[in-house]
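Data first, discussion second: the structure below is written as structure tokens.
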Amino acid sequence: MADYDYDLFVIGAGSGGVRAARVAAMSGAKVGVAEEYRVGGTCVIRGCVPKKFMVYASEVTSQLKTAKGYGWTIENAKFDWKGFIHDKDVEIARLSGIYVTNLQKAGANLLHGRAQVIDAHTVEVLPKEGSKDAGTYTAKKILIATGGRPVKPDFPGAEYGITSDEAFHLPKLPKSIMVVGGGYIAVEFAGIFAGLGVQTTLLYRGANILRGFDDDVRSHLADELGKKGIKVVLGCSHTSIEKQEDGTLLSTLTSDLTFETEAVMFATGREPYVQGLGLEKAGVKLNDKGAIAVDEFSKTNVPSIWAVGDVTDRINLTPVAIREGAAFAQTEFYDNPTTFDHDMVASAVFSQPPVGSVGMTEAEARHAFGTVDIYRSVFRPMKITFYGGQERCLIKLVVKADDQKVVGVHVVGPDSPEIIQMAAIAVKMGVTKQQWDSTCAVHPTLAEELVTMREKYVPVEVGGVG
């Protein structure tokens, strides 16, 4: 190892890269970490964390409605966008600083600048204004953890649209916006903007939002978004965007529909950030999705190079990247071969209402096992029935018929991300429906519905209605 500048060089100081660097450094290894932007990566700087702050801010609208329903009088409630953005940026800077401190405490060396691979054991850090870290470094092992980047579609006028990156720093709130996409980023930002008083349209080319989620979840959430005042437009996409004299954007769609909004935000997918990394120089292979191809230990086809997180396009979630980074470090620096099990990973969508999901959808389970038992409940939560609210929750269990194992849990409603975290433990351990039902309910809660469903759900098919 003395022949190299570093035992490990990590490219990218996001959640996965930082965890791998810290764990490796604490073993006594000499670790270098290069970051071209800000330490913390997508999640901390321009993803999960600032987005959740925006969700919290936007939920106050419905909370004010609830307060009124419970007898409170709140006058002259007003939202200060510029003040909120300032405070959000201050908090993000604090969290980024914590990441830097933790790296330094672990003994890792942070280098500011964009890094690229020169060969299997050499990395070049390019000059960055204000940084003195530019140079060429050698390393016995190289870990790539550069994450992903938002993708913009290609059509006339697409350049007038923004992505989630810019949405965190808008100088002012638009009066109206079209959010393009049907995934979790799109539905989350649609809820954010609508909650902050922006006239919001959600446009998706597919038949329904949240592709890959359970079909009942998808249809239920689409209905609930409509109740929040979001106009959901499905089955069509842009042909062009024209910027008009007053600055508004005229969107023309494939269905000949037109929409005039102050802003258009694209949430049409993300791609692994491999551009300019020099992977071809080292012979690192990509898969058919353009992501870095790795094995179960996150190793590439080059014996000295590994990759974790979204750049590998396995499960693009922050906790997954962290676990992959930790597993890599355990394997390579503690002589403790460790892999991360990507099965039964729970996920949450911070839409309004939010979604929590773990395991198989009904369609996936039927395809895999043939016969399955479905338990399903749709109801108004206790909190809003008091004042006549019409929002509804959905809770659904997917159970394998032959051995009664619970293979899927899906919740749409208040606190569903918190609920699914606990449900995921039981599902991961292979809980059966009988064991599930033996758990006594906590009353009165929304989650108690999970353990009180006894009758199998049979969809009504008369007249084509399901």
Residues satisfying the stated conditions in the range 303-330, i.e. over 18 Å from the mean Cα position of the chain (by Cα), farther than 15 Å from residue 18 by Cα and open to solvent by less than 30 Å² (accessible area, probe 1.4 Å): 304, 305
Which pairs do you get when a residue that is free of Cβ contacts under 8 Å to residues at least 60 places away in the same chain, found in the range 181-200, comes within reach of a residue that is part of a helix (DSSP H, G or I), reach meaning Cβ atoms under 6 angstrom, with the pair 6+ apart or on two chains? 200/190; 200/193; 200/194
With 202, 221, 225, 210 as the choices, which residue is modelled with pLDDT of 95 or more, in a loop (DSSP other than H, G, I, E, B) and within 21 Å of residue 351 (Cβ to Cβ)? 210
Please name all residue pairs, on different chains or six or more residues apart, with Cβ atoms under 6 Å, provided the first residue is in the range 317-339 and is outside any helix (DSSP H, G or I) and the second residue is crowded, with 22+ Cβ neighbours inside 10 Å. 338/327; 339/327
Given (1) at pLDDT 95 or above; (2) within 28 Å of residue 211 (Cβ to Cβ); (3) open to solvent by 60 Å² or more (accessible area, probe 1.4 Å), residue 289 misses just (1)
I'm checking my understanding of the structure. Among residues of the range 195-221 that are of a type in the set (A, V, I, L, M) and over 23 Å from residue 56 (Cβ atoms), which one is most open to solvent (accessible area, probe 1.4 Å)? 207
Residue 388 being small (Gly, Ala, Ser) and either touching a Ser or Thr at 6+ places or on another chain (Cβ under 6 Å) or surrounded by 15 or more Cβ atoms within 10 Å (Cβ to Cβ) (or both): no
Is there any pair with a first residue in the range 421-441 that is open to solvent by 20 Å² or more (accessible area, probe 1.4 Å) and a second that is among the polar types (S, T, N, Q) whose Cβ atoms are under 8 Å apart and which are 6 or more apart or on different chains, and what are they? 426/435; 432/404; 434/404; 441/452
Quick check, is residue 143 open to solvent by 20 Å² or more (accessible area, probe 1.4 Å), part of a strand (DSSP E or B), touching a helix residue (DSSP H, G or I) at 6+ places or on another chain (Cβ under 6 Å) and at pLDDT 95 or above? no
Need a quick list: helices (runs of 4 or more DSSP H) entirely within the range 373-466 having at least 3 residues that are out of contact with any Pro (no Cβ under 8 Å at 6 or more places or on another chain) and within 25 Å of residue 353 (Cα to Cα). 416-428
Taking the range 3-30 only, how many residues are open to solvent by less than 10 Å² (accessible area, probe 1.4 Å), touching a Phe, Trp or Tyr at 6+ places or on another chain (Cβ under 8 Å) and outside any loop (DSSP other than H, G, I, E, B)? 5
Give me the residue from the range 228-257 that is of a type in the set (Ser, Thr, Tyr) and assigned to a loop (DSSP other than H, G, I, E, B) and, out of that set, farthest from residue 410 (Cα to Cα). 248
Could you look through the range 371-385, keep only residues that are over 28 Å from the mean Cα position of the chain (by Cα) and closer than 16 Å to residue 457 by Cα, and pick out the one that is surrounded by the most Cβ atoms within 10 Å (Cβ to Cβ)? 372
Inside the range 36-50, can you point out the residues that are open to solvent by 20 Å² or more (accessible area, probe 1.4 Å) and of a type outside the set (A, V, I, L, M, F, W, C)? 36, 37, 38, 42, 46
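The values are calculated or read from the model by the stated rules, or taken from the named source; none is laboratory data. Bear in mind that the values here come from a model prediction, so they are computed numbers and not experimental data. With ideal geometry, Cβ positions are generated from the backbone for all residues, glycine too; neighbour counts draw on all protein chains shown. SASA here: full protein model, heavy atoms, side chains in, ligands and nucleic acids out. Shrake-Rupley method; radii C 1.70, N 1.55, O 1.52, S 1.80 Å.
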